[in-house]
Amino acid sequence: MLRVIRRRAKQRLLKLASLTLFPIIIGFVLSHIVHEPVSASSPRANAQAIAMADIPLAGGKTTSFIRSSHAYEQPSANLSDELIDFHGEGDVAFEAVFVTAPADVNPGLGPHFNNTSCVGCHIRNGRGLPTKGQMLVRVSQDESLVAEAQAVVAGNFQLEPVSPGDNTPPVPGLGTQIQDQGVYGAPPEGSVTVEWQETTGQYADGSTYTLREPITSIALADGSPLPATVQTSLRTPPPVFGLGLFEAIPEKDILALADPDDKDGDGISGRPNYVWDEQKQSQALGMFGLKANQPNLLQQTASAYAGDMGVTNPIYPAADGSSDIDDQILNAATFYAQSLAVPARTLLNDPAAQRGEKLFSSANCAACHISTMTTGTHPEYDELSNQTIHAYTDLLLHDMGPGLADNRPDFEATGTEWRTQPLWGIGVAPTVLPYAKYLHDGRARTLEEAILWHGGEAEASKQAFVELPEDDRKALVRFLRTL
């Protein structure tokens, strides 16, 4: 059973705010962003003020100027009334809770799952914490040992199909993801516990720092340990705002940033991941997911429904072809992620932040975290087309070294490669979710720790940060907090 709480009042308030409060909010925020008074008496005057101020809008015309705890929950600023309604419908789908019920009567949730709603993992549309219900474990077999493993893991569940080119064979009884919760009558597939191991290091100026990494223990439903033939990868949910803009970036622009053989000799060798498009039944460029293993947001959303909640859908139906949700719900939930606004930068005239931005570039961080891209034509929504955005990513795979390696490949991504994570909006992450954590498994408690975990292609950039004086390190982090 799907419990849906209609929030029409919220939708009406969003519309009201866009018509009456928007000019006031923008005028106030702009005055703080650029340290100059800005007046705005109408949305049109507001847009003119933005253009005159020459502010690098993070999400182009989709940008929101709200940097509160609800910063990631705002609809794109340029949506029509019709799309605001569709966004609201997607909001309902995103927050809908699938209710636990006995396995033989439950039409939606499970029978195995990690959480009961989208927002249960993506708290306020932001990142999750490395705790039960907000993290998951991806699993796959070592290809050379698949035959041996067939007799090791007991289970009565049908194996998930493997897409062409996918090098992550599902584990018998588990599939490709461990669901650590189950509806009544269906025990969880396993239990996952995480302990943290700390190490200390030292900056060039002698001050010390502490890093931590997760040590994961997994037990199957019968209490036995996970076989050594199984590869695992601990994941925490990433933010979901601004994603529709990535769909509109021309593929040629992303490929132009790739340098798999490092021909320019800068030590950076980003490369694309090519994955399987279930609808087109063909290979496609991967852009979404921590390893760029999904080609578009529709498939990403469908995969989350199936993997995180056990909810079958039109892209990933049940064995008999049936679905727990229909196209309307799937499309609405997808559009919600496509149309979430990106928070605007702040403190653009702050001297320390400006110095930090220069240090960010001189440390070559900007080689992967590309500051500016321009979208082309979005296949469905003009509002996402032709926008100059500042996401700080190249959407490519990079070898991040053994420290961050999960040793689990994903299509063409190796066990040490990760997609460059966007940095836009990262400065408001602790406001949206206090004690927010960073990196793919939530190991980094601060932005400093996230930088210090960089290795592989980013080793030189990390070392540059380590060698900076304390004031310069603080300035670089201050810049990140303005994003």
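Take residue 379 and decide whether it is touching a Leu at 6+ places or on another chain (Cβ under 9 Å), outside any helix (DSSP H, G or I), open to solvent by 20 Å² or more (accessible area, probe 1.4 Å) and more than 24 Å from residue 198 (Cβ to Cβ). No, not satisfied. Inside region 161-193, can you point out the residues that are outside any loop (DSSP other than H, G, I, E, B), in contact (Cβ under 8 Å) with a residue 60 or more places away in the chain and farther than 26 Å from residue 414 by Cβ? Of everything in region 161-193, those that are outside any loop (DSSP other than H, G, I, E, B), in contact (Cβ under 8 Å) with a residue 60 or more places away in the chain and farther than 26 Å from residue 414 by Cβ turn out to be 181, 182. Residue 436 meets each of the listed conditions (1) assigned to a loop (DSSP other than H, G, I, E, B); (2) at pLDDT 95 or above apart from (2). Selection of region 393-406 for residues being open to solvent by 10 Å² or more (accessible area, probe 1.4 Å) and either at positive phi or in contact with a strand residue (DSSP E or B) (Cβ under 7 Å, 6 or more places away or on another chain) (or both) yields 399, 400, 406. Of all the numbered requirements in (1) open to solvent by less than 30 Å² (accessible area, probe 1.4 Å); (2) over 25 Å from residue 140 (Cβ atoms); (3) not hydroxyl-bearing (Ser, Thr, Tyr); (4) not in a strand (DSSP E or B), residue 206 misses one, and that requirement is (1). Pull up region 450-472, narrow it to residues that are part of a helix (DSSP H, G or I) and open to solvent by less than 20 Å² (accessible area, probe 1.4 Å), then point me to the one that is farthest from residue 65 (Cα to Cα). Here the residue is 466. Look at residue 245 and say whether it is open to solvent by less than 20 Å² (accessible area, probe 1.4 Å), modelled with pLDDT of 95 or more and closer than 30 Å to residue 472 by Cα. It is false that residue 245 is open to solvent by less than 20 Å² (accessible area, probe 1.4 Å), modelled with pLDDT of 95 or more and closer than 30 Å to residue 472 by Cα. Here the condition is being within 12 Å of residue 290 (Cα to Cα), touching a residue at least 60 places away in the same chain (Cβ under 8 Å) and aliphatic (A, V, I, L, M); of 464, 413, it holds for 413 alone. Applying a threshold of 8 Å to beta carbon distances and a minimum spacing of six or more residues, or different chains, the list of pairs starting in region 386-404 at a residue that is outside any loop (DSSP other than H, G, I, E, B) and ending at one that is modelled with pLDDT of 95 or more and of a type in the set (Asp, Glu) reads 397/412; 397/417; 398/417; 398/457; 399/417; 399/457; 403/213.
A count restricted to region 241-294 and to residues that are touching a residue at least 40 places away in the same chain (Cβ under 8 Å) and not in a loop (DSSP other than H, G, I, E, B) stands at 15. Restricting attention to region 297-335, the residues being of a type outside the set (S, T, N, Q) and open to solvent by 10 Å² or more (accessible area, probe 1.4 Å) number 18. Report whether or not residue 224 is open to solvent by less than 50 Å² (accessible area, probe 1.4 Å) and free of Cβ contacts under 8 Å to residues at least 12 places away in the same chain. So residue 224 passes the test. Would you mind stating whether residue 294 is in contact with a Phe, Trp or Tyr (Cβ under 8 Å, 6 or more places away or on another chain) and surrounded by fewer than 20 Cβ atoms within 10 Å (Cβ to Cβ)? Taking the combined requirement at face value, the residue does not satisfy it.
Of all residues in region 248-284, those being in contact with a Lys or Arg (Cβ under 6 Å, 6 or more places away or on another chain) and buried (at least 21 other Cβ atoms within 10 Å of the Cβ) number 0.
Check whether at least one residue in region 299-310 is in a loop (DSSP other than H, G, I, E, B), modelled with pLDDT of 95 or more and either under 21 Å from the mean Cα position of the chain (by Cα) or within 29 Å of residue 234 (Cβ to Cβ) (or both), and report yes or no. Checked region 299-310: no residue is in a loop (DSSP other than H, G, I, E, B), modelled with pLDDT of 95 or more and either under 21 Å from the mean Cα position of the chain (by Cα) or within 29 Å of residue 234 (Cβ to Cβ) (or both). Of everything in region 353-370, what is open to solvent by 30 Å² or more (accessible area, probe 1.4 Å), over 15 Å from residue 451 (Cα atoms) and touching a residue at least 40 places away in the same chain (Cβ under 8 Å)? Give them in sequence order. Residues satisfying the conditions are 354, 355, 370. Of the residues that sit in region 407-420 and are open to solvent by 20 Å² or more (accessible area, probe 1.4 Å) and not in a strand (DSSP E or B), which one is nearest to residue 298 (Cα to Cα)? Checking each candidate, the answer is 411. Scan region 347-376 residue by residue and report those that are more than 27 Å from residue 244 (Cβ to Cβ) and part of a helix (DSSP H, G or I). Matches in region 347-376: 351, 352, 353, 354, 355, 356, 358, 359, 361, 362.
The values are calculated or read from the model by the stated rules, or taken from the named source; none is laboratory data. Since the structure is predicted, the reported quantities are computational estimates derived from the model, not experimental observations. As a convention, Cβ positions derive from the backbone with ideal geometry for all residues, glycine included, and neighbour counts pool all protein chains shown. The area values use the complete protein model at the heavy-atom level, side chains included, leaving out ligands, DNA and RNA. Shrake-Rupley method; radii C 1.70, N 1.55, O 1.52, S 1.80 Å.
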